Amino acid sequence: MEFEFGAAADALRGRLRTLVEQHVPADFLGACTDDPRDLETAQAFCRVLAGDGLLTLAWPAEYGGRGGSVWEQTVMREEMWAHHEPRGAQYMGVNWVGPAIMKHGTAEQRARLLPRIAAGEVIWCQGFSEPDAGSDLPALRTAATRAPGGGWRISGQKCWTSYAEMAQWCFLLARTGGRGTRGITVFLLPVDSPGITVRPIRSMLGPHHLNEVFLDDVAVDDSAVLGEVNGGWTVVRDVLAYERVGIARYARCERLLQMAPEVLADVWDDVPENLVTRWATALLETRGVRLLAYKVLQAQMKGDTEPAVVAAYRSAATLLDQDVAEVLMDLLGSAAVGPADPARPAARFAAAVEDHWRYAQAATIASGTLEMQRNLIGRTLARHG
């Protein structure tokens with residue numbers, strides 16, 4: 001397999017870095033902070049990308065994209081995550097909500113919902129996990145029942161719902177019958193629908209990341225159903241595959257590791273030898289995870305992706321997040337970076353490392369726990385002998 005992306009992708013990478021430098025403050029650490037200006041920065045940057053045809057560059061032209069290659073989309077993922085995701089929560093709509101609607105939606109749903117995602121005008125959240133159905137997602141109990149006059153009534157509770165407080169739309173799973181993976185249906189509904197209550201869950205990740213969502217007899221019509229009634233698990237399988245390769249975690253790890261010797265240049269010679277060795281090893285590990293991600297993407301292009309391969313990548317990427325976070329924090333502990341002044345590169349680097357460390361603590365839990373990924377890998381190995 002050839003891992004050179006080509007001149008077009010290299011030019012795209014340069015263009016994205018220029019746009020980030022021009023439109024994103026140097027001390028930006030994501031949209032989900034206590035400062036509302038960070039969300040405003042992300043939303044404005046999405047409009048810049050959309051105006052340049054870059055926000056949905058890999059989407060087909062008929063849906064507002066540029067028909068870019070998988071590798072161009074990979075460049076986008078890498079550069080955005082490396083720079084603390086200046087698209088904010090838009091990656092969710094771009095990476096998997098939009099593609100799921102393209103594949104499973106009606107013509108009306110595609111015409112109504114996709115243009116707003118492509119324009120960067122709408123934020124989506126994911127109504128999957130529940131108090132007793134996190135890693136065991138098929139155990140969900142939020143129920144959608146047929147209403148006497150037509151449509152559906154939805155009641156239940158979701159938790160750990162990222163971006164729900166800032167989102168306008170929710171990609172919701174509800175039980176419409178059966179057990180386990182049977183009888184699950186996907187609903188697309190506005191978060192401001194009567195009967196929906198969002199309660200933030202405060203955490204070290206900052207506002208917007210974790211929320212509870214309560215649904216009390218929420219009325220929706222049949223146009224809210226994505227795909228087949230009771231056939232939602234088919235959609236979910238696609239969504240999880242999109243989601244688990246959609247975040248290029250290795251890119252931020254590599255960027256921060258590469259920044260360390262330059263930012264800490266004045267004290268780098270004083271860093272203990274064993275810590276320098278750990279730094280170099282971590283950098284090599286990021287390259288390995290990057291290549292594993294490319295292998296998964298290549299398999300997806302051929303249509304023969306084995307879920308266990310995706311799970312292996314997901315496991316490797318999240319463990320890398322945590323390993324790199326520990327190395328970077330130890331590097332900071334061995335160096336005097338000075339006061340927390342955002343005008344100083346060393347102070348900005350320290351803030352970025354601390355931010356990465358906090359996110360890494362949740363890496364092996366979010367989007368499917370490490371244990372669930374390992375179970376999937378184990379079942380696959382047992383099935384193939």
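Non-local amide H neighbours of Thr33 (under 5 Å, H modeled in plane, Pro and chain starts lacking H): which ones?
Here the answer is Leu39, since their amide H atoms fall under 5 Å of that of Thr33.
Whole-Hz ³J(HN,Hα) for each residue in region 166-173, computed from phi via Karplus 6.51 cos²θ - 1.76 cosθ + 1.60 with θ = phi - 60°, x for glycine and proline: what do you get?
9, 7, 9, 10, 10, 9, 10, 9
Given charges of +1 on the Cβ of Lys and Arg and -1 on the Cβ of Asp and Glu, with all other atoms neutral, how large is the dipole of region 19-106 about its Cα centre, in debye to the nearest 20?
Using only the charged Cβ atoms, the result is roughly 420 debye.
With each pseudo-label sitting 7 Å past Cα toward Cβ, what's the Ala44-Ala351 distance in nm, one decimal?
1.6
Output the 0 to 90 degree angle, nearest 10, between the alpha-carbon long axis of helix 232-244 and the longest principal axis computed from the alpha carbons of the chain.
Between the helix axis and the principal axis of the chain, the angle is about 10 degrees.
Is region 7-88 best put as rounded, prolate or oblate by its Cα gyration tensor, with a ≥ b ≥ c the root eigenvalues, rounded for a/c under 1.5, and otherwise prolate when a/b is larger than b/c, oblate when not?
Prolate, because a/c is 1.5 or more and a/b exceeds b/c.
Per-residue ellipticity at 222 nm for the chain, helices alone: DSSP H runs ≥ 4 residues times -39500 (n - 2.57), over residue total, nearest 500 deg cm²/dmol?
Here the helix-only value at 222 nm equals -16000 deg cm²/dmol.
Could you work out which residue, out of Thr56, Thr106, Thr161, moves most in a Gaussian network model of the chain, that is, has the largest mean-square fluctuation with Cα springs under 10 Å?
Judging by the Gaussian network model, the answer is Thr106.
For Phe171, list long-range residues whose amide hydrogen, built 1.01 Å from N in the peptide plane, is under 5 Å from its own amide hydrogen.
Correct list: Cys125, Gln126, Gly127.
Run the paramagnetic zone check for Leu291: 7 angstrom along Cα to Cβ, then residues of region 1-42 with backbone nitrogen under 12 Å.
1-3
What ³J(HN,Hα) values, in whole Hz, does the Karplus curve 6.51 cos²θ - 1.76 cosθ + 1.60 give for region 257-265 when θ = phi - 60°, with x put for Gly and Pro?
In residue order, the calculated couplings are 5, 5, 6, 4, x, 6, 5, 9, 4 Hz.
Net charge within 14 Å of Gln361 by Cβ-Cβ distance, Lys/Arg positive one each and Asp/Glu negative one each, not counting Gln361 itself?
Charge balance in the 14 Å sphere: -3.
Specify which residue in the list Ala360, Pro36, Gly53 is farthest towards the positive end of the charge dipole of the chain, using unit charges on the beta carbon of Lys, Arg (+1) and Asp, Glu (-1), about the Cα centre.
My answer, from the dipole projection, is Gly53.
Using mean Cβ contacts within 10 Å as the protection proxy, how do 73-81, 92-100 order, highest first?
My ranking of the peptides, most packed first, is 92-100, 73-81.
Under a 5 Å amide H to amide H cut-off, with H placed in plane at 1.01 Å, what residues pair with Glu130 once short-range neighbours are removed?
Cys159
In whole Hz and in residue order, list the ³J(HN,Hα) couplings for region 316-327 that follow from phi through the Karplus curve 6.51 cos²θ - 1.76 cosθ + 1.60, θ = phi - 60°; x for Gly and Pro.
5, 5, 6, 5, 4, 3, 6, 4, 5, 4, 5, 4
Place +1 on the Cβ of every Lys and Arg and -1 on the Cβ of every Asp and Glu in region 266-328, take the dipole about the Cα centre, and give the residue among Val271, Val324, Tyr313 whose Cα lies farthest towards its positive end.
Tyr313
With everything on Cα atoms, drop me the angle between helix 36-51 and the longest principal axis of the chain, reported from 0 to 90° to the nearest 10.
With both axes taken from Cα atoms, the answer is about 80 degrees.
Note down the magnitude of the dipole of the chain about its Cα centre, charges +1 on Lys and Arg C-beta and -1 on Asp and Glu C-beta and zero elsewhere, to the nearest 20 debye.
Its charge dipole is roughly 1340 debye.
Take each of the peptides 282-288, 251-257, average the number of other beta-carbon atoms within 10 Å over its residues, and list them starting from the highest.
Most protected by this proxy first, the peptides run 251-257, 282-288.
So how tilted is helix 345-361 from the main axis of the chain? Cα-based, degrees 0 to 90, rounded to 10.
Long axis of 345-361 versus the principal axis of the chain: about 40 degrees.
Roughly how many whole Å is it from the C-alpha centroid of region 297-327 to that of region 165-194?
After rounding, the separation between the Cα centres reads 27 Å.
Say the dipole of the chain comes from +1 at the beta carbon of Lys and Arg and -1 at that of Asp and Glu; which of Val198, Val229, Thr142 then lies farthest toward its positive end?
Going by the Cα projections, it comes out as Val229.
Arranged by the count of other C-beta atoms within 10 angstrom, fewest first, what order do Thr145, Thr318 take?
Listing Thr145, Thr318 from fewest to most nearby Cβ atoms yields Thr145, Thr318.
Where does the charge balance sit around Val94 when Lys and Arg score +1, Asp and Glu -1, over other residues with C-beta under 10 Å from its C-beta?
+2
All of the numbers you see were taken from the coordinates with simple rules; none came from a lab. Note that this is a predicted model, so its numbers are computed, not measured. Methodologically, a virtual Cβ is constructed for each residue, glycine included, from the backbone with ideal geometry; neighbour enumeration extends over all protein chains shown.
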